[in-house]
Amino acid sequence: MWIFLLLVLSPFTVNSFGNFGQGCESQLLLGFLLGNTLDGFSAGSLFGNPSCPTGFMTLQGCSKNDCYFFSTEARTWEEARIDCINRGAHLTIVKNANENTAIKTQLGTINPAVAHWNALNDIHTEGTFRWDPFTKALQSGAFTDFTANMGGNNATSDCVAFNQTAFTWATLPCNSTQRYVCERKASKQFSCNAH
């Protein structure tokens, strides 16, 4: 009986003016319940291209599913890490040279040029770098972009930032305040216009 009512009422919804009319919301509901296509809608095609939340952007040369936030405020490394988490993201984890170049290119557009935290650090064991404090250590041969003589053992500089000149990586004291780069995956947006 419920399916019969859904089938009869499925093309109709109440629009924003309180009028009873056709709308995609009811078609979407029915499509999800039936698990197949209805007037061009299907559960698999209801969401548009991935998009970044407000304040985040995609970068040329990176996956369109990766979104980046470039802060305008300076924070300690831990404060930056927490702010990224509050934004549904994490401090950026640079996976390869292409991503590194894309981030450096964007940093080059920021005036004035300032250092920006990433997630790399050796907080727990001096000289053993990890992306964020809870991941396993970087493996031999993993991509890095340290400024000459800036990725070694320095007991007071445990957190890594893109430096403010060439945007290569440098270790800095974690309690110093720098801007930062957050990263997250794009989310798919609901679209009634999907066909």
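If a residue must be over 21 Å from Glu78 (Cα atoms) and part of a loop (DSSP other than H, G, I, E, B), how many such residues does region 106-125 contain? Qualifying residue count, region 106-125: 6. A single entry from Thr76, Thr125, Thr109 fulfils the requirement of being touching a Cys at 6+ places or on another chain (Cβ under 8 Å) and either touching a residue at least 12 places away in the same chain (Cβ under 8 Å) or not aromatic (Phe, Trp, Tyr) (or both): Thr76.
Which members of region 77-103 meet the condition of being touching a strand residue (DSSP E or B) at 6+ places or on another chain (Cβ under 7 Å) and either among the hydrophobic types (A, V, I, L, M, F, W, C) or within 21 Å of Leu172 (Cα to Cα) (or both)? Don't jump to the end; show me each part of the working.
First pass over region 77-103, keeping only residues touching a strand residue (DSSP E or B) at 6+ places or on another chain (Cβ under 7 Å): 77, 80-81, 83-84, 87-94, 103.
Once the filter is applied, which keeps residues that are touching a strand residue (DSSP E or B) at 6+ places or on another chain (Cβ under 7 Å) and either among the hydrophobic types (A, V, I, L, M, F, W, C) or within 21 Å of Leu172 (Cα to Cα) (or both), region 77-103 yields Trp77, Ala80, Arg81, Asp83, Cys84, Ala89, His90, Leu91, Thr92, Ile93, Val94, Ile103.
Quick one: would you say Phe143 is at pLDDT 90 or above, within 23 Å of the chain's Cα centre (by Cα) and surrounded by fewer than 14 Cβ atoms within 10 Å (Cβ to Cβ)?
Yes; evaluated as a whole, the condition is true for this residue.
If you go through region 76-94 one residue at a time, do you hit one that is assigned to a loop (DSSP other than H, G, I, E, B) and over 22 Å from the mean Cα position of the chain (by Cα)? Among the residues of region 76-94, not one is assigned to a loop (DSSP other than H, G, I, E, B) and over 22 Å from the mean Cα position of the chain (by Cα), which makes the answer no. Total residues in region 71-90 satisfying the condition of being in contact with a His (Cβ under 8 Å, 6 or more places away or on another chain), farther than 11 Å from Gln178 by Cα and not basic (Lys, Arg): the figure is 1.
Of everything in region 128-142, what is touching a residue at least 24 places away in the same chain (Cβ under 8 Å), aromatic (Phe, Trp, Tyr) and not in a strand (DSSP E or B)? Give them in sequence order. Break it down into steps so the answer makes sense when it comes.
From region 128-142, those touching a residue at least 24 places away in the same chain (Cβ under 8 Å) are 129, 131-132; that's our starting set.
If we keep only those that are aromatic (Phe, Trp, Tyr) too, we end up with 129, 131.
Residue satisfying the conditions is Phe129 alone.
Of the residues making up region 88-106, those that are in contact (Cβ under 8 Å) with a residue 60 or more places away in the chain and surrounded by fewer than 15 Cβ atoms within 10 Å (Cβ to Cβ) are Gly88, Ile93.
The values are calculated or read from the model by the stated rules, or taken from the named source; none is laboratory data. All values derive from a computational prediction rather than experimental measurement. Every residue, glycine among them, receives a Cβ derived from its backbone with ideal geometry; neighbour counts consider all protein chains shown.
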